[in-house]
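No value in this document is a laboratory result; all are computed from the given coordinates. Given the structure is predicted, the values throughout are model-derived calculations rather than measurements. Backbone-built Cβ (ideal geometry, glycine too); neighbour counts: all protein chains shown.
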Amino acid sequence: MKTLLRAALASVALVLAGCPGDPRPYNNHDLALLTSYAAKEMCSCVFVMHKDEAFCLRWTRANPNLRTVRVDHARREVETQAVLSWGARARWISQREGCRLD
Amino acid sequence: MRILAGIYLAIATLALSPTSALAQSSCPAGVRYPDAQWESAIETTRAARATEIAALEQRVFTLTGEDDQRLGVRTDSVLILHRGVLVYERYGRTWTAEQPHYTWSMTKSLTNVLTGIAVGRGYLNLSDSLCRWMPYLRMDMCALTVQHPMEFATGLDWRETYENASNQESSVLAMLYGVGHHDAAGFVGSHPFRDRPGTTYMYSSGDTNLLSRAVDRAYSAAGEDSEYPWRYVFDPLGITSATLERDASGTPIGSSYWYATPRDLARFGYFLLRDGCWRDQRILPEGWVRTSTEVSAPQRIRRLDADADDVQGRQFWLNRPVPEQGVTTPWPGVPEDTYAARGHWGQSITVIPSRELVIVRTADDRVRGFDFAGFIAAAMAVAP
């Protein structure tokens with residue numbers, strides 16, 4: 001059990017720190033990319049393409065699929081979160097301009 | 001007095017020349033265009049081409065495994081348009097005719113068209129330095145002209161990888177979702193040069209967003225508001241479903257974020273088939289489509305990271321050989337004059353001028369290996 005917990009903690013630490021072998025030419029965290037991707041594409045999927053939420057969740061699934069997604073239909077916004085503090089928001093602007101990531 | 005009148009006339013002609021040149025150019029005569037809906041010959045084609053349709057559907061509408069597994073060929077729609085008449089239309093995987101579909105890199109061909117219209121109206125020149133439209137670019141970027149990103153030949157050190165490679169190495173993910181997402185063109189412009197401009201071809205969504213910013217600034221400088229894609233493309237073509245998303249700077253994400261229904265995507269293809277005309281209105285300068293669908297000069301010099309079927313004109317995929325690079329026509333069984341707007345996960349608007357065909361496919365192919373040439377050949381067999 002302890003070994004399992006240690007392994008789990010080590011994986012979380014790895015995700016938070018990023019993989020040491022990555023060349024990292026850009027200052028992006030994987031979880032920032034993941035939550036931003038999910039927020040922007042969920043927003044466009046629901047509010048531009050008019051697909052249902054279940055379809056859009058499948059469509060935006062990425063590896064690792066750590067994000068949670070909240071779709072606010074009244075405000076036409078999508079907020080995503082992953083592991084503690086990582087998160088993003090995208091908002092629908094108009095039929096012509098679609099969605100934009102904050 | 002006569003001299004004065006002559007001078008006035010010359011000034012008036014000069015002032016009007018970009019638009020009047022467009023208006024006077026010839027458009028193909030005796031051509032059918034759709035009104036609110038496409039004319040349909042779907043029923044008669046279904047009866048006459050049952051075997052060919054079955055073969056096409058076996059190829060593109062047969063799903064593999066559970067949806068969640070994302071395996072095999074995953075087609076969302078196929079439309080075939082022959083001489084302006086819809087001869088085949090089918091949707092898949094819950095998609096309907098009313099839902100705008102993502103296009104990913106098919107947006108690049110729309111950016112080409114917006115560029116062509118701007119050139120035709122005299123708003124910008126392909127030979128303009130990018131610094132004319134983006135004076136804040138660093139000094140060495142001023143060597144880039146509008147034509148360089150048109151031909152994926154900026155020589156910027158860009159990494160066009162998507163979700164199947166390292167997220168951290170991908171310039172595209174950084175531009176759309178990471179450090180570059182507020183200002184795509186600014187982000188692209190921050191990259192160092194890998195090669196001298198114009199000496200190499202390397203497919204780059206970054207190049208297209210540089211182009212999109214230059215073109216957007218040119219429309220703006222000419223006094224046009226941000227509705228220009230509707231004013232000059234979508235509205236004249238009767239495209240009512242279009243969305244073109246922008247970054248926080250207000251520039252269209254010209255590489256990736258156009259959405260439209262497949263029937264409206266077919267309008268775009270048909271407009272290209274008709275040489276950039278819609279009815280008797282010449283929207284693109286004469287010869288623009290032809291030049292855009294010729295193998296670009298940088299392709300003939302040096303190709304970097306290019307697959308065998310990656311032959312490009314100016315933001316279009318071509319079925320042309322590049323003998324200088326030992327590349328043969330990439331789509332066997334398909335006419336050599338075929339060209340296509342194509343996008344990630346299997347999107348395509350294919351135009352075959354010699355057959356007067358437009359073939360649209362939207363999809364969600366998550367594994368590589370879709371036989372594009374086989375699909376086009378099978379779709380051609382359905383048309384009369």
Based only on the alpha carbon positions, what is the Kirkwood hydrodynamic radius of the protein assembly as shown, in angstrom?
23.6 Å
Under the 7 Å Cα-to-Cβ spin-label approximation, A:Arg96 and B:Asp280 lie apart by a distance in nanometres of 2.9 nm
How much length, in nm to one decimal, is gained on full extension between B:Glu66 and B:Asp157, taken as 0.36 nm per residue of separation minus their Cα-Cα distance?
28.8 nm
What nm distance separates the two modelled labels at A:Asp52 and B:Ser249, each placed 7 Å from Cα along Cα→Cβ?
4.1 nm
Could you tell me the extents of region A:29-101's C-alpha atoms along the three principal axes, largest first, rounded to whole Å?
32, 20, 18
Here the FRET efficiency for B:Ser220 versus B:Thr328, based on Cβ atoms and R0 = 45 Å and rounded to 0.05, is 0.55
Kirkwood-based Rg to Rh ratio, region B:33-72, C-alpha trace:
1.19
Hey, got the average number of other protein chain Cβ atoms within 10 angstrom for residues in B:96-102?
3
Quick one: dipole size for region B:39-382, taken about the Cα centre, charges +1 on Lys/Arg Cβ and -1 on Asp/Glu Cβ, in debye to the nearest 20.
500 debye
Answer with one residue from B:Ser348, B:Ala118, B:Ala184: the one whose Cα lies farthest towards the positive end of the charge dipole of region B:39-382, charges on Cβ with Lys, Arg +1 and Asp, Glu -1.
B:Ala118
Given contacts defined as C-alpha pairs under 8 Å and at least six residues apart, what's the relative contact order of region B:29-172, whole-number percent?
14 percent
May I ask you to derive the relative contact order of region A:29-101, considering only C-alpha pairs under 8 Å and at least 6 residues apart, and to give it as an integer percent?
39 percent
Report, in deg cm²/dmol and to the nearest 500, the calculated mean residue ellipticity at 222 nm for the protein assembly as shown, where each DSSP H run with n ≥ 4 adds -39500 (n - 2.57) and the sum is divided by the residue count.
-10000 deg cm²/dmol
With all pairs of different alpha carbon atoms counted, what Kirkwood hydrodynamic radius in Å does chain B show?
21.6 Å
Name all residues of region B:78-95 having a backbone nitrogen under 14 Å from the label point set 7 Å from the Cα of B:Glu43 along its Cα→Cβ direction, giving them as ranges.
none
Can you tell me, using C-alpha contacts under 8 Å and at least 6 residues apart, the relative contact order of chain B as a whole percent?
23 percent
